[in-house]
Amino acid sequence: MNAEQAVAELKARDREIYLLNHCSAILGWDQETYLPEKGVDERAEQLAFLRKLNHERETDPAVADLLASAGADDGNPMGVASLPPLDRAFLRVRWRDYQHATRLPTELVVKIASVTSKARSAWVDARRDSSFKKFQPHLEEIVELLLEVADRLGYVDHPYDALLDQYEPWAKTAEITAVFDDLRARLVPLVRRICDAPPIDASFLSGKFPVDKQRAFSERVLAKLGFETGRGRLDVSEHPFTTTLGLDDVRITTRFNEQFFNSAVFGTIHEAGHAFYEMGFNRDFAGTRLADSISLGIHESQSRFWENVVGRGRAFWSHFYPALRDQFPERLGSVSEEEFYRAINIVEPSLIRVEADEVTYCLHIILRFNLEKALVSRALSVKDLPEAWREQSREMLGVVPETEADGVLQDIHWSMGAFGYFPTYALGNLYAAQFTTALKSDIPDFDAKIGAGEFAPILSWLRSKIHLHGNSKTANELCEDITGSSLSSDFFVEYLTEKYTDVYGLR
Ligand code: ZN
């Protein structure tokens with residue numbers, strides 16, 4: 001079999017995996033939205049069955065033979081040079097996924113599933129009682145297992161590289177450390193300056209905002225942004241998410257809080273950003289793993305671009321605020337557009353990551369990134385984690401949690417063994433800002449377009465530059481192609497400095 005035939009066969013095999021993934025997605029979507037309480041057990045069995053079918057296809061030894069026929073190996077995952085570039089990009093992803101799926105022995109995977117399942121319920125109890133001691137032995141076991149995972153997956157410089165790579169393919173700990181250290185050095189003084197400025201009143205964002213009106217407004221925004229209701233839908237779930245059930249079926253969820261305006265609208269815009277990415281893959285990629293995102297960081301760049309750069313921008317509300325005020329006259333009747341704009345951009349160093357504003361958010365991430373790295377390099381032991389957390393929080397955010405529930409126990413990620421996941425949230429902010437700079441040079445009247453409610457040129461720029469390419473590039477290749485340079489914190493820091501100098505009237 002020659003290389004071309006091998007690629008064709010691998011793509012044909014991808015079709016079944018693709019269909020199985022979408023079948024799992026609909027079961028998962030239903031579980032989070034409409035599944036009756038008592039259906040949970042059988043649903044878990046259905047999902048596990050599909051996962052097994054998928055795993056068999058991902059790890060079929062015939063895949064190794066086909067990859068070898070196409071010339072893809074450790075030193076050259078893209079295969080023989082004579083293949084078309086998109087086939088070589090496909091091979092790179094197929095080779096990588098095969099390594100990931102086959103390097104971890106089944107016993108280790110089963111062990112991790114059992115340890116993290118117990119850890120998750122221990123974490124729930126520990127958080128309720130605000131007692132890290134109850135979670136500590138579970139986390140110790142998880143760290144040991146993750147070190148074994150890192151060894152099995154393989155790394156050159158740092159065991160954290162192997163963990164990070166699961167969520168942010170090809171990213172390197174040393175590169176991210178350099179970018180984050182630089183970001184931290186420049187964010188901390190900016191936060192201090194903002195804290196010294198006169199505070200902003202955001203009290204009118206809390207109070208009664210009837211859910212039906214919030215929903216109507218969210219749907220209006222979605223339609224205007226270009227969310228195609230013939231190819232997706234909006235539902236309600238406890239934790240908002242986006243899921244892809246097919247090339248023309250991408251669903252998002254949101255949650256409504258009657259007492260707080262921000263949750264539903266900004267959550268909906270955020271998920272719409274994820275959905276636009278999933279709806280925009282090249283149709284020629286359908287049925288293969290190229291019809292996928294590059295990484296969690298790039299995915300998050302799309303949601304944060306729409307939520308923060310667009311949705312928390314002045315131009316956006318110069319377009320939408322009159323309609324919003326008409327919807328909620330009791331709450332916003334006497335609030336000016338400027339007061340509203342400043343209130344949705346309030347900055348307050350706080351203890352809880354998920355409630356953080358866009359200026360302090362990355363500091364929460366850098367804190368977790370530093371601690372995860374220290375744990376897997378054994379520079380920090382699990383028992384000393386709460387104290388290390390308090391110290392970093394004091395240094396970076398200037399606040400110290402009084403309880404462990406509000407500190408080291410606040411996130412679910414570590415109980416799931418998801419080390420290397422957190423950095424992708426901050427990478428999303430950085431990529432979003434860097435891409436925006438390129439977007440604005442191609443669309444100089446960016447703000448005027450938003451102010452006029454013209455979002456189509458912006459969406460089509462993202463489509464052609466990012467979405468269309470699916471998973472055919474690495475994050476770094478994409479960033480270089482769009483912006484001419486690799487990831488840097490410069491663009492995000494400039495964006496924040498310019499925006500918040502204005503919002504807070506800094507000098
Ligand atoms: Zn997101």
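Leaving ligands, DNA and RNA out of it, report the carbon-plus-sulfur percent of the accessible area of region 3-157 at a 1.4 Å probe. Mind showing how you got there, number by number?
Details: 4670 of 8610 Å².
Percent of accessible area from carbon and sulfur atoms in region 3-157: 54.
Could you check the simple spin-label distance between Thr59 and His413, using points 7 Å along Cα→Cβ, in nm with one decimal?
Calculated label separation equals 2.7 nm.
Once you compute Rg and the Kirkwood Rh from C-alpha atoms, what is the Rg to Rh ratio for region 209-331? Can you show the working numbers first?
On the way: Rg = 15.0 Å, Rh = 15.1 Å.
Ratio of gyration radius to Kirkwood radius: 0.99.
Report, in debye and to the nearest 20, how large the dipole of region 3-157 comes out about its Cα centre when Lys and Arg carry +1 and Asp and Glu carry -1 on their Cβ.
Working: 21 positive and 27 negative charges, 72 e Å.
Result for region 3-157 is approximately 340 debye, rounded to the nearest 20.
What would the Debye formula give as log10 I(q)/I(0) at q = 0.10, 0.15, 0.19, 0.20 Å⁻¹ for the alpha-carbon point model of region 85-188, no solvent?
Rounded to two decimals, the profile gives -0.43, -0.85, -1.05, -1.07.
Helix-only estimate, please: 222 nm mean residue ellipticity of the chain, summing -39500 (n - 2.57) across DSSP H runs of length 4 or more and dividing by its residues, to the nearest 500. Could the numbers behind the result be given before it?
On the way: 21 runs with 308 residues, N = 507.
Roughly -20000 deg cm²/dmol at 222 nm, from the helical runs in the chain.
Mind checking the log10 I(q)/I(0) for region 3-157 at q = 0.16 Å⁻¹? Debye, one equal scatterer per Cα, no solvent, two decimals.
Those come out to -1.05, one per q.
How long is region 64-146 along each principal axis, judged by its Cα atoms, biggest number first, in Å?
Projected onto the principal axes, the Cα atoms of region 64-146 cover 61, 23, 17 Å.
Go through 44-56, 424-436 and give me the packing order, highest mean Cβ count within 10 Å leading.
Values: 44-56: 13.4, 424-436: 25.1.
The densest-packed peptide leads the list: 424-436, 44-56.
Work out how much length Arg128 to Asp326 would gain on full extension: take 0.36 nm times their residue separation and subtract the Cα-Cα distance, in nm to one decimal.
Values: separation 198, 0.36 × 198 = 71.28 nm, distance 4.12 nm.
Roughly 67.2 nm would be gained on extension.
Where the eigenvalues come from the Cα gyration tensor of region 424-479, what are the semi-axes √(5λ) of the equivalent ellipsoid, largest first, in whole Å?
On the way: eigenvalues 96, 36, 18 Å².
Working from the Cα gyration tensor, I get semi-axes of 22, 13, 10 Å.
Using a cut-off of 22 Å between alpha-carbon atoms, which lysines can reach Lys449, once sequence neighbours fewer than 8 places away in the same chain are excluded?
Lys224, Lys440, Lys465, Lys499
Measuring from centroid to centroid over Cα atoms, what is the spacing of region 71-89 and region 150-205 in Å?
33 Å
Grab the alpha carbons of the chain, take their convex hull, and tell me the volume per residue in Å³.
Numbers: hull volume 77.1 nm³, N = 507.
Enclosed volume per residue, from the Cα hull, is 152 Å³.
Just to verify a number: FRET efficiency for Glu387 and Tyr155, C-beta to C-beta distance, R0 = 30 Å, to 0.05?
Values: r = 28 Å, r/R0 = 0.94.
That pair, Glu387 with Tyr155, gives E of 0.60.
Place a point 7 Å from the Cα of Lys118 along the Cα-to-Cβ direction; which residues of region 413-451 have their backbone N under 13 Å from it?
none
So what's region 350-480 giving for Cα Rg divided by 2.2 N^0.38 Å, two decimals?
Numbers: Rg = 18.9 Å, N = 131, 2.2 N^0.38 = 14.0 Å.
Output field value: 1.35.
Under the 0.36 nm per residue contour assumption, what length would be gained going from the current alpha-carbon distance of Arg43 and Glu140 to full extension? Spell out each step's value before the answer.
Numbers: separation 97, 0.36 × 97 = 34.92 nm, distance 3.12 nm.
Extra length from Arg43 to Glu140 when fully extended: 31.8 nm.
Per Stokes-Einstein, at 4 °C and 1.567 mPa s, what whole-number D in µm² s⁻¹ belongs to region 317-373, with the Kirkwood radius over Cα pairs as the hydrodynamic radius? Numbers along the way, then the final one.
Numbers: Rh = 13.5 Å.
So the translational diffusion coefficient is about 96 µm²/s.
The values are calculated or read from the model by the stated rules, or taken from the named source; none is laboratory data. For clarity, every value in this text was computed on a predicted model and none was experimentally measured. Every residue, glycine as well, gets a Cβ built from its backbone with ideal geometry; the counts of neighbours run over all protein chains shown. Heads up: the accessible areas ignore ligands, DNA and RNA and are worked out on the full protein's heavy atoms, side chains in. Shrake-Rupley method; radii C 1.70, N 1.55, O 1.52, S 1.80 Å.
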